[in-house]
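Single-structure report; data block below.
The values are calculated or read from the model by the stated rules, or taken from the named source; none is laboratory data. Computed from a prediction, not measured in an experiment: that's the story for all the values here. Counting neighbours? That spans all protein chains shown, and the Cβs are built from the backbone with ideal geometry, glycine included.
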Amino acid sequence: MTATVSPTAPPVIRADALHLAYGQTSVLRGVDVDVHGGEVVCLLGPNGVGKTTFVETLIGSLAPGSGRVRVFGQDPRRAGSGFWARIGLVQQNWTDHPKWRVKDQLEWIRAIQLSAAPADTVAQVLDAVGLADKADSRLSRLSGGQRRMIDFAAALLGRPELLVLDEPTTGLDPVSKARLHDLILDRVDESATVLMTTHDLAEAERLASRVLIMSGGRIIADDTVPGLRERLSTDAEVTWVQDGERHVHATAEPERFLQRLDLTAISGLTVTRPTLEDAYLALVDKEKQS
């Protein structure tokens, strides 16, 4: 997708030269990131490279050893309730009251965190995530995927300007995942900004206006999905069937090659280009070898 980004507006998120270590182990090593209004920025990287740590610095759960974080121009560790009403957050782990009913949990979040801000009703967000029929169910009785969707429902309550999502689709079935993707894109259409971590490269390919790839505590790539694909020297592969015979041709210019084919005489034509997964694996492998 393509974001509409104002060239003059300050970034929604700005991280400058973030360093953070756990004891002697460096986790963030000079991370610089700007996220502008209306973008969907997907943060990719192997396990343990610092993605969740970076997210936790953005929401003030962790203080960087050095560097600076600003969200909506504010330090999240010193921000007030009005600041948090502008953010919808889905973290990898949740803290809830398993004996509570779904609607009670969401009403509690709405009353405590969003009392001074415009907010959707519990019924509205449950309907949005497809769990209106679970309003009276106890949280302990939900499946892992349903519990994940309740997390997202909670994030939507305040009509957030910024969604910070740490692997939000983990454990979701394909239907629920597609619903969540649509909800994210709907919020972007309403001028929200999204930063999300994911291991699902197809998800990033569908949603991201920009992709950040992290390895070794650093951002090693920051580009659009097409831009990352173009970094590969791998040719596109054109396949077709003609006179009962299958043909395969590799080319860096598939459009020009297609003009040379008699399209009325062939069938089964496909053009396979390098994917985001190809680009991701190549960049991470190159970083490991450097």
Item to complete: Scan (1) over 19 Å from Pro46 (Cα atoms); (2) over 18 Å from the mean Cα position of the chain (by Cα); (3) of a type in the set (Ser, Thr, Tyr) for the single condition Ser290 breaks and write down its number.
Response: (1)
Item to complete: Answer yes or no: is there a residue in the range 269-281 that is touching a Gly at 6+ places or on another chain (Cβ under 6 Å), more than 30 Å from Arg14 (Cβ to Cβ) and surrounded by 14 or more Cβ atoms within 10 Å (Cβ to Cβ).
Response: no
Discussion item. Here is a check on your reading of the model: is Leu165 modelled with pLDDT of 90 or more, within 23 Å of Leu89 (Cα to Cα), in contact with a Cys (Cβ under 9 Å, 6 or more places away or on another chain) and hydrophobic (A, V, I, L, M, F, W, C)?
Written reply: no
Item to complete: Could you check how many residues of the range 195-238 are touching a Lys or Arg at 6+ places or on another chain (Cβ under 8 Å), hydrophobic (A, V, I, L, M, F, W, C) and under 17 Å from Val55 (Cα atoms)?
Response: 1
Item to complete: Output yes when any residue across the range 203-223 is more than 12 Å from the chain's Cα centre (by Cα), surrounded by fewer than 15 Cβ atoms within 10 Å (Cβ to Cβ) and of a type outside the set (A, V, I, L, M), and no when none is.
Response: no
Response to the item:
The condition from (1) in a loop (DSSP other than H, G, I, E, B); (2) touching a helix residue (DSSP H, G or I) at 6+ places or on another chain (Cβ under 8 Å); (3) surrounded by 13 or more Cβ atoms within 10 Å (Cβ to Cβ) that Leu89 misses is numbered (1)
